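Worksheet for the structure shown next.
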Amino acid sequence: MSSPPSGAAASGSPAPRRAEPEVAGRVPSAHSWSTHLRATLVLLLLSILVTGLAYPVVVTEIAQVINPYGANGSLLYFPNGTVAGSALVAQNTDAPYLFWERPSLTDYNTTLGTDTPPGPSDPALVNETLSYMAQYGYYTVNASVPFWLVSASGSSVDPDLTPEAVLVQIPRVATNTNLTEANLTAFVNAHIVSPVLPFVGVAYVDVLELDLDLLPMIGR
Amino acid sequence: MIDLRSLWDIVAVLGLALAAAPFFGDYLARVYTNRPAFGDVVLAPIERGIYRLLGTSPRKSMPAREYMVALLLVNAGAWLFMFWYFFDQSTLPLNPTGAPNMSWDLAFHSASSFITNTDFTHFTNESQISAGAIMIAWQLALFISPATGLAVGAAMVRGFIRRDGTVGNFYVDVVRSLTRVLLPIAFVGALIMVMMGVPETFDWTVIAHPITGGTQVLYLGPVASYQSISLLGTNGGGWYSANMVSPLANPSAVSNLFGIFIMLLIPISSPFAFGRMVRRKGEEWPFVGTILIVLVVAIALFIVYQEATNPALASLTGLVQTNGYPVGSEVRFSLPEGATFQVVSVYANVGANNLMIGAVSPVAQLVLLFGMFTQSTPGGDGTGFGMLLLFAVLAIFVGGLMVGRTPEYLGKKIETSQVRWAALALLSHPASILIPFVVAVVGGQVPIDASTVGASSHNFTAVLYEFTSESANNGSALSTAAFNDATPFFNITGALVMLVGRYVPIFAMLKVGEIFARQRTLPAGPGTLRTASGTFTIYLTLFLIIVTTLLFLPVIAMGPLAQIL
């Protein structure tokens, strides 16, 4: 084992500007092969115990105390106590009397993970957008429709919509319920989540929460 | 036009990361030079106990060859553990979703992907990997691979402050990376993410009953603890296959900003750690400057091209294209927030996504590709800075030749031997992208049809992106509907590309560090290039951009450029 020799640089006088290395030849290894194997095995064993078990278990124990609602998936319930869904996961709400979510490439089936929508110059994008516009009832109406309402989200379960994309649905919901458009507008406006700070995030509406609040108003 | 107010928060979060960097960099320097550091009272005795169990000690320092052997042993051990778990996951603990065993080639790809800090996945998390395989096996790699990267970065920098021909002790470096950096910060990060609404539970699935009937399975689990180390360790794997697009993993604009911060923390602090380790004033700034220039330009380009309305859809009457480009994006992030997360994620070689890269504009895709070509602005934990240091070594060598002086850096001479290793690391990157890429295209592994340039160049870009992401150990994916990468061909070639892309540059970094560590430190002479200067910062930035562009121009022309034109 070579110990660092005391060089000229350390003695205070300027070292000669030479190129030859301080260390010539092969520096021997500091550990034997058996030490390497032992160190590897012990290190991995300890790491598995700490990173794979202790770490998630301790975080979970604390999480269940500091934010049980979020830690358990932000679940939303029906009045009778059954789980309706998660505020963070979109579901199929295509009944005529409900506000609709963004389209999903996986039909809101979370077991499928997600999928990629067509690229911007892919001809398939035009057809896909057209079919969403038809599906959401804007193909023949020729009314203006926000792109957010008729485009596939990244996660396939984006639970949110821009306020405009919710407000544009009000005529349909009003036709299929006993509520007036004015009432529904006030109802939607009350559900707009404002940004935490004016420049953080955007204003949006969580559609599942909106629909769950709508159910008692329309007697369902 | 972009509402300029919406840029304030990304300026704030980038500024916050930059403000924390000198302090955190100083802490990192203390950690990797065994100087007194915060936490010694508790952690020092624990570490001494671990060293005794391992049979090593901080006083035992290794030459590059032995450091590499130790690194490969630990990485191979973790690789074997993961391979076994994935290959046998249906019978191993914690399989609430009934995931079947992975095929050997998929397990080969996955284990290689995770240990190389890539976390490129060829499976659907929700149905093809068990919760135990994620939490126990994959999560081990989420810690071991950034610890390995940090160790390599530190070992390389030690070359400038040592004269005994050794680069440090790998086991000590990994243990201290875990106890001092990754575990404590990931722990705090996980709790912060829990407060922001990310699930953290051992109730694996909840059956929901949607309003319109039927059932919906909600997958939960210890997501926050996983996602926290995934981002901090520049891994980029997702608990969900939608990764950080998933509203459960990334519930709000605030959690998105936190993600940007935690991804940048270690990479942006590394130059400062370097400056403190070599104990010279101002030497960190050329690197910080280069990183910031490239990163900010990339973010700006990405935002501008995402903001533009899509002309292909202009013919659809009634379609209102405002508030950004929604296809493949999520409502809750403003356009600059989504873009910044995505660019930072790819440029820091994390690879997590918060929008679908296959759906963004070709220019934006090119911006992401460029970050994976450089791998160093700022690049992944430890290795990203190591790569930037290799660029600097080459830049100084070339600069020295141009003015006719012997190139030296921080009092150490740069000679052919270091340049040869640096060139190997740089050239292995395009080589390990282009060779499998050509094999895949010529071998008909991807549908390329000359009659449809639009869709074909998109597929072309997807394959190029795949191998680039794997070679850079990035992990982001540009998937298209027509391109299926979950085949034995892409599993095997992809795994080999990731292994080459990880361990060849690592060995080069260790060798360069060792060659420096064998030299005495020379005092600065009259002809020495002043590296702590604005001139050198601009020179390094231009050198990096020009070299990278030249290396990859042929490839870019065929994929993304064909799509743009």
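Taking into account only those residues within segment B:202-221 that are closer than 23 Å to A:VAL50 by Cα and surrounded by fewer than 19 Cβ atoms within 10 Å (Cβ to Cβ), which is farthest from the other protein chains (Cβ to nearest Cβ)?
Filtering segment B:202-221 for residues that are closer than 23 Å to A:VAL50 by Cα and surrounded by fewer than 19 Cβ atoms within 10 Å (Cβ to Cβ), the one farthest from the other protein chains (Cβ to nearest Cβ) comes out as B:TRP204.
Which of the residues belonging to segment B:481-521 are among the basic types (Lys, Arg) and either outside any helix (DSSP H, G or I) or out of contact with any helix residue (DSSP H, G or I) (no Cβ under 6 Å at 6 or more places or on another chain) (or both)?
Those that are among the basic types (Lys, Arg) and either outside any helix (DSSP H, G or I) or out of contact with any helix residue (DSSP H, G or I) (no Cβ under 6 Å at 6 or more places or on another chain) (or both): B:ARG502, B:ARG518, B:ARG520.
Keeping to segment A:188-200, report how many residues are buried (at least 17 other Cβ atoms within 10 Å of the Cβ) and in contact with a Leu (Cβ under 9 Å, 6 or more places away or on another chain).
Residues in segment A:188-200 being buried (at least 17 other Cβ atoms within 10 Å of the Cβ) and in contact with a Leu (Cβ under 9 Å, 6 or more places away or on another chain): 4 in total.
If you check B:ALA312, B:ALA273, which single one turns out to be in a helix (DSSP H, G or I) and surrounded by fewer than 21 Cβ atoms within 10 Å (Cβ to Cβ)?
Step by step, each of B:ALA312, B:ALA273 is checked, and only B:ALA312 is in a helix (DSSP H, G or I) and surrounded by fewer than 21 Cβ atoms within 10 Å (Cβ to Cβ).
How about segment B:464-490: which of its residues are more than 24 Å from B:PHE385 (Cα to Cα), among the hydrophobic types (A, V, I, L, M, F, W, C) and in contact (Cβ under 8 Å) with a residue 40 or more places away in the chain?
Answer for segment B:464-490, where residues must be more than 24 Å from B:PHE385 (Cα to Cα), among the hydrophobic types (A, V, I, L, M, F, W, C) and in contact (Cβ under 8 Å) with a residue 40 or more places away in the chain: B:LEU464, B:LEU478, B:ALA486, B:PHE489, B:PHE490.
I need every pair where a residue in segment B:131-143 that is at positive phi has its Cβ under 7 Å from the Cβ of a residue that is in a helix (DSSP H, G or I) and surrounded by fewer than 24 Cβ atoms within 10 Å (Cβ to Cβ), sequence separation at least 6 or different chains.
That search, which allows pairs on different chains as well, returns nothing.
State whether the residues of segment B:279-298 include one that is of a type in the set (Ser, Thr, Tyr) and modelled with pLDDT under 95.
no
Would you confirm, using the coordinates I've provided, whether B:ILE207 is among the aliphatic types (A, V, I, L, M) and in a loop (DSSP other than H, G, I, E, B)?
no
Only one of (1) among the aliphatic types (A, V, I, L, M); (2) over 20 Å from the mean Cα position of the chain (by Cα); (3) buried (at least 24 other Cβ atoms within 10 Å of the Cβ) is not met by B:VAL254, so which one is it?
Condition not satisfied by B:VAL254: (3).
Rundown of residues vs (1) assigned to a helix (DSSP H, G or I); (2) farther than 30 Å from B:MET156 by Cβ, yes/no style:
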| site | (1), (2) |
| --- | --- |
| B:GLY237 | no, no |
| B:TYR240 | no, yes |
| B:ILE260 | yes, no |
| B:ILE268 | yes, no |
| B:ALA298 | yes, no |
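Which condition number in (1) surrounded by fewer than 17 Cβ atoms within 10 Å (Cβ to Cβ); (2) assigned to a helix (DSSP H, G or I) is the one that B:ASN34 fails?
Result: B:ASN34 fails condition (2) only.
Might you check whether a residue that is under 21 Å from B:THR56 (Cα atoms), within 11 Å of chain A (Cβ to nearest Cβ) and of a type in the set (D, E, K, R) occurs anywhere in segment B:163-172?
Yes, segment B:163-172 has at least one match.
Restricting attention to segment B:396-438, which residues are at pLDDT 90 or above, hydrophobic (A, V, I, L, M, F, W, C) and more than 30 Å from B:ARG530 (Cβ to Cβ)?
B:ALA431, B:ILE433, B:ILE435
As an exercise: evaluate A:SER47 against (1) among the small types (Gly, Ala, Ser); (2) closer than 23 Å to B:PRO247 by Cα; (3) at the interface with another protein chain (Cβ under 8 Å from one of its Cβ atoms) and give the number of the one condition it does not meet.
Of the numbered conditions (1) among the small types (Gly, Ala, Ser); (2) closer than 23 Å to B:PRO247 by Cα; (3) at the interface with another protein chain (Cβ under 8 Å from one of its Cβ atoms), the odd one out for A:SER47 is (2).
Within segment B:48-107, how many residues turn out to be surrounded by fewer than 20 Cβ atoms within 10 Å (Cβ to Cβ), small (Gly, Ala, Ser) and away from chain A (no Cβ under 11 Å)?
The qualifying residues number 2.
The values are calculated or read from the model by the stated rules, or taken from the named source; none is laboratory data. Only a predicted model underlies this, so the values are computations on that prediction, with no experimental measurement involved. Here Cβ is always computed from backbone atoms with ideal geometry, including for glycine, and neighbour counts include all displayed protein chains.
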